[in-house]
Amino acid sequence: MNTRVIIIGPAHPLRGGLATFDQRLAKEFLDEGFQCSIFSFSLQYPSFLFPGTTQYSTETAPKNIEIFSKINSVNPLNWIVVGNELKRSNPDIIIVRYWLPFMGPALGSILRRVQKNHHTKIIAITDNVLPHEKRPGDTSFTKYFLKSCDAFITMSEKVMKDLRRFETTKPAKQVQHPLYDNFGEVISKTDARKRLGIDANEKIILFFGFIRKYKGLDILLDAMADERIRSSNIKLLIAGEFYGDEKFYNEQIDRLKIADSLILRTGFIPDSEVKYYLCAADAVVQPYRNATQSGVTPLAYHFEKPMIVSNVGGLPVLVPHEKVGLVAEPDPKSIADAILHFYQLGENYFIPHLREEKQKYSWTALIKTITDLANDVQK
């Protein structure tokens, strides 16, 4: 097969879930016989716009994947140069990630240059169409980007509805977010906790990932102050970097007097350490205020960890209630009720359902959806 595919999106040395996804997708294309490379960013975010400590990974680069760090998100001259290079290279398919309207001008301008070759099919994987945290320019930037694409993939019904508010005629398909199966195999809870210095006999629930307001960590902290949770000696492991006001959460912890119920690992978790946190937990809690899809969900599926999620966005569809996890309302009492109910049922109750449900989340299915969409596009 000589089909040439280019993925436009973050990749090593940039870090985070988008980079992990793009690299895993490239690997699947290569494994299935496609030619595939990634065009990433030389500058993804100006430092004053980036909420974390660093945008860069200290991990080694993935093997056998060509990554070209060429896109400057704020330099229009760069957009012309990159766009012309991609136009001349004439790939059969470009897959472009869209997760933030800020990227709309850069990506939309690059893709408009590519369109002039009248050959390349441009398919956007739209993680978000409308952002979790709104800013001026969101709508106009999104419209500009969407006009440069031929077809779309979403990973939740919510994003599909948002997409259809802007774009009603171009082909679009919804798929399940594939499993993050590139963080290593499942290890025993005992070994994982030993690695993290956590008592083997503790009751541990996990909040994992970047800490942002919409993810509702403050709701979960309020739930941890519930007297029923306190008396059950349940502990919350918080693993992830603050993307916001850390002081707000520290003051909440002090006010609730729950520090003894928390294990704080609030720095960036490198890919090589992810499995220890997932495998150490009894369950993963996602108390989100709003959600489209979540990269934490396929991660929990891969490591066969039950989930407690709030009843927002696409989460209830991804986590069938009382099968692979529990669905609660995004308020402290409902979250606390669900945590207690989880321990009444026991972790093993959910494992058979998790193993059955996770079969739906394959990278092969995503590749097929992309190629089917490309075949539907007329050039």
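Where a number appears in this text, it was derived from the coordinates with a stated rule and is not lab data. Predicted, not measured: the structure shown is a model, and the values here were computed from it. Cβ: placed from backbone, ideal geometry, glycine included. Neighbour counts: every protein chain shown.
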> In whole angstrom, how long is each semi-axis of the equivalent ellipsoid of the chain, when you take the square root of 5 times every eigenvalue of its Cα gyration tensor and sort them from largest down?
Replying inline: 37, 21, 20
> Amide H of Cys36: which non-local residues (sequence gap of 5 or more, or other chain) have their own amide H closer than 5 Å, using H built in the peptide plane?
Replying inline: Val5
> On alpha-carbon atoms, Rg over Rh for the stretch 189-360 using Kirkwood Rh?
Replying inline: 0.92
>> Just want the ordering: His119, His177, from fewest to most Cβ atoms lying within 10 Å of their own Cβ.
In response: His119, His177
> Percent antiparallel among DSSP beta bridges with both residues in the stretch 189-360, to the nearest 5?
Replying inline: 0
>> Could you derive backbone 3J(HN,Hα) for the stretch 308-319 from the dihedral phi with the Karplus parameters 6.51, -1.76 and 1.60 (θ = phi - 60°), listing whole Hz in sequence and x where the residue is Gly or Pro?
In response: 10, 10, 7, 7, 9, x, x, 5, x, 5, 6, 10
>> Only sites in a loop by DSSP and with at most 10 other Cβ atoms within 10 Å count here; which chymotrypsin sites (Phe, Trp or Tyr not before Pro) in the stretch 127-211 make the cut?
In response: none
> So who's got an amide H within less than 5 Å of the one on Lys121, skipping anything under 5 residues away but keeping other chains? H placed 1.01 Å off N, in plane.
Replying inline: Ile93, Ile94
> At 222 nm, what helix-only mean residue ellipticity would the chain give, in deg cm²/dmol to the nearest 500, using -39500 (n - 2.57) for each DSSP H run of four or more?
Replying inline: -11500 deg cm²/dmol
>> Rounded to the nearest 20 debye, what is the charge dipole size of the chain about its Cα centre when +1 sits on each Lys and Arg Cβ and -1 on each Asp and Glu Cβ?
In response: 1200
> Of the trypsin sites (Lys or Arg not before Pro) in the stretch 117-176, which ones lie in a loop per DSSP and count no more than 12 other C-beta atoms within 10 Å?
Replying inline: Lys134
> What number in nm² do you get for the stretch 263-379 if you take the convex hull of its Cα atoms and divide its surface by four?
Replying inline: 9.4
> If contacts are Cα pairs under 8 angstrom and at least 6 residues apart, what is the relative contact order of the chain in percent?
Replying inline: 15
> If we sort 236-245, 363-372 on the protection proxy, mean other Cβ atoms within 10 Å, highest first, what's the order?
Replying inline: 236-245, 363-372
> What order, most packed first, do the peptides 317-327, 82-92, 98-108 have when packing is the mean number of other Cβ atoms within 10 Å of each residue?
Replying inline: 98-108, 317-327, 82-92
> Of Lys27/Lys194; Lys323/Lys360; Lys215/Lys323, which ones are farther than 26 Å apart at the Cα?
Replying inline: Lys27/Lys194
> If the convex hull of the alpha-carbon atoms of the stretch 121-197 is projected onto planes in all directions, what is the mean projected area in square nanometres?
Replying inline: 8.0
